[in-house]
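Data block below; observations after.
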């Protein structure tokens, strides 16, 4: 059985899989275009995307915007599929990067790490000022039905704009998490519970506007059977990050990928990130040193995240993640999803999609056989 398509407005992804935007160089044009070529939605992450630009320390806004623009153009040259960008609300370059993404025809902007209450303004202003029709879809990332409802009401009242979709991200996701540390293990916040709640919360607005508002499930989705499970719960698609790190096309250094292969379940830990949010990462000596208070506040050169208090934090999150992306894990750490310990090989994006399809088919067949057994007439 073929995967059902994921439709976001007039965009149609043949595979209902969004590749998660993994910041500081993990998902750039290489990975995003490979996923798009397989029929999914590839995503370029905007966080510190200008890390290799020569003026990133002296002119961080222009360096990051320039790099984002170039990565979108490169990805578009490598695929005719759907290419999105992930732009964190907390980035100091948020407004500039949103506008650059729209101007360079990114298909979708995914935005979380805060509520993107002002996101539609940039699209509407560009359409008005340049007298062009920009078609970039706007997809907020939320962690609750309440957040989804608040955002819909704000967008409709201020801009008469309904989100084109929602990503609902549960506590098993990698990187920065939209939950309090004490809620990460709380069953009340499990993705299986959040997805139906968000689907139900947005239904009245679908009826009001007469169009679908797809919900995409994210955080801990690992197999094709998981995809089937969340589609059955009402999701229109899923977002996956960890699985795509373990691909040949991922833009990270090979040593970063190998850290995923070496990961054990007990290596997965929750850190208190300098940006003021908990984060899921692979434990190493760098993290231990920070916890022991052996790292001291630093002089900020990137000014990348508005919520970072450099005078209080023991290390630069941007520099630590840059080091990790380059394979220098002694001077940084790898963000990861909760299922990272299940990764046992590096494969191509195409092979990954094929395995997800096979697992999805097996889950469908298993359910069908179970239903047949339940309704099979008894022998007289």
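No value in this document is a laboratory result; all are computed from the given coordinates. This one's a predicted model, so the numbers in the text were calculated from it and none came from an experiment. When we count neighbours, we look across all protein chains shown, and the Cβ atoms used for this are built from the backbone with ideal geometry, even at glycine.
Quick notes
- Prolate/oblate/rounded call for the chain, Cα gyration tensor, a/c under 1.5 rounded: oblate
- Choice from 262, 36, 225 showing the highest fluctuation, given a GNM over the chain with Cα pairs closer than 10 Å: 262
- Residue of 71, 354, 292 that the Gaussian network model of the chain assigns the largest fluctuation, springs spanning Cα pairs under 10 Å: 292
- Residues 248, 122 arranged by fewest to most Cβ contacts within 10 Å: 248, 122
- Nitroxide proxy distance, nm - points 7 Å out along Cα→Cβ at residue 2 and residue 130: 3.4 nm
- FRET efficiency estimate (nearest 0.05) - Cβ-Cβ, residue 330 to residue 181, R0 22 angstrom: 0.25
- Highest mean packing comes first when the peptides 5-13, 320-328 are listed by Cβ atoms within 10 Å, giving 320-328, 5-13.
- Packing-based ranking, highest mean first, of 55-63, 25-33 given that Cβ atoms within 10 Å are counted: 25-33, 55-63
- Value at 222 nm in deg cm²/dmol, rounded to 500, when DSSP H runs of n ≥ 4 in the chain each add -39,500 (n - 2.57): -12000 deg cm²/dmol
- Full-extension gain in nm, residue 192 to residue 285, via 0.36 nm per residue minus C-alpha separation: 30.1 nm
- Simple label model, 7 Å out from Cα along Cβ direction - residue 150 to residue 270, nm: 2.0 nm
- Region 36-58-region 321-354 distance, computed between alpha-carbon centres (Å): 16 Å
- Relative contact order (%) - criterion: Cα under 8 Å, at least six apart; region: region 6-252: 19 percent
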